[in-house]
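Working notes, structure below.
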């Protein structure tokens, strides 16, 4: 069966990642597999001992380790999302750190495990971003991963809160590939302030991304809590992004107090949806995705400036919800 342009794009990105590894040359031959807990008792210790290009192979089990920072090219490999669980705390909503942080320039694959119970905290001066996974100027691949029950929350001692983005995953200024994965039940919860909160932007209950290809995955049950302050700009209960392709996936049951309960595309961005279903299981129309509690077509903004979006050629800011 001929491949569609979207499927080819997904394949091409995977192929490019493979070629990039081959280009490492002699370094690839030295790549090692480090086993947790057989070689090192914790994931953090294994990552510290690893060299660029190594694989951290994590046995089945539950590992309560937060603030795991990856500053080199690594593969983090579990034994299946149902049996290898990496969590920042034993229960959701109590941790003070996210689970994984990717350093700028790193190329990281996380495969076959669950990332849960992370909680990225912000305040009046700093944004809360990426409750489960934070990647800035990094290349992130999630393969067979469940990102669940994470939060990015503002806890302020004043009446002001900075931005909150990516309750499950925050991936900005880098390529993101998500295949055979689930991003579910993540939150951008109501901020905690001294008095009524005046909020910044609140975006991406499940996923905040600039550039992502999503295939064979489910984005569901993610939410943005209704903002208390009049300053809030709250969009994208499931996904908030600029340039995304969603292929053979389900986006459903996500909520947002304003626009884009399922997917919100900002600025001059573009979304391509293929064989993707929304809430209720109905196939998504080319210019409409039903998901969450709001629904509507791609909507042009008040500006007439065109974009290259094939779904809505005259849209400048548009929403899929």
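The values are calculated or read from the model by the stated rules, or taken from the named source; none is laboratory data. Predicted model, so just to flag it, every value in this text is computed and none were measured. Heads up, the Cβs are rebuilt from the backbone with ideal geometry, glycines too, and the neighbour counts pull from every protein chain shown.
Inspection of segment 212-220 identifies at least one residue that is under 16 Å from residue 165 (Cβ atoms) and at pLDDT 85 or above. Tallying residues that are assigned to a loop (DSSP other than H, G, I, E, B) and exposed (fewer than 14 other Cβ atoms within 10 Å of the Cβ) within segment 56-79 yields 2. Within segment 89-103, one or more residues are without any contact (Cβ under 8 Å) to a residue 60 or more places away in the chain, over 27 Å from residue 192 (Cβ atoms), assigned to a loop (DSSP other than H, G, I, E, B) and under 16 Å from the mean Cα position of the chain (by Cα). Mind checking which residues of segment 20-55 are within 24 Å of the chain's Cα centre (by Cα) and either at pLDDT below 95 or surrounded by fewer than 14 Cβ atoms within 10 Å (Cβ to Cβ) (or both)? Listed by number, the residues that qualify are 20, 21. Filtered by the rule that a residue be closer than 16 Å to residue 63 by Cα and buried (at least 24 other Cβ atoms within 10 Å of the Cβ), segment 98-113 gives 98, 99, 100, 110, 113.
Do the conditions hold for residue 155, that is, is it crowded, with 23+ Cβ neighbours inside 10 Å and either touching a residue at least 24 places away in the same chain (Cβ under 8 Å) or farther than 17 Å from residue 108 by Cβ (or both)? Criteria not met by residue 155. When the criteria are applied in full, residue 82 meets the requirement of being loosely packed, with under 14 Cβ neighbours inside 10 Å, at pLDDT 95 or above and under 23 Å from the mean Cα position of the chain (by Cα). Residues that are within 12 Å of the chain's Cα centre (by Cα) and in a strand (DSSP E or B) were ranked within segment 140-150; the one that is nearest to residue 71 (Cα to Cα) is 140.
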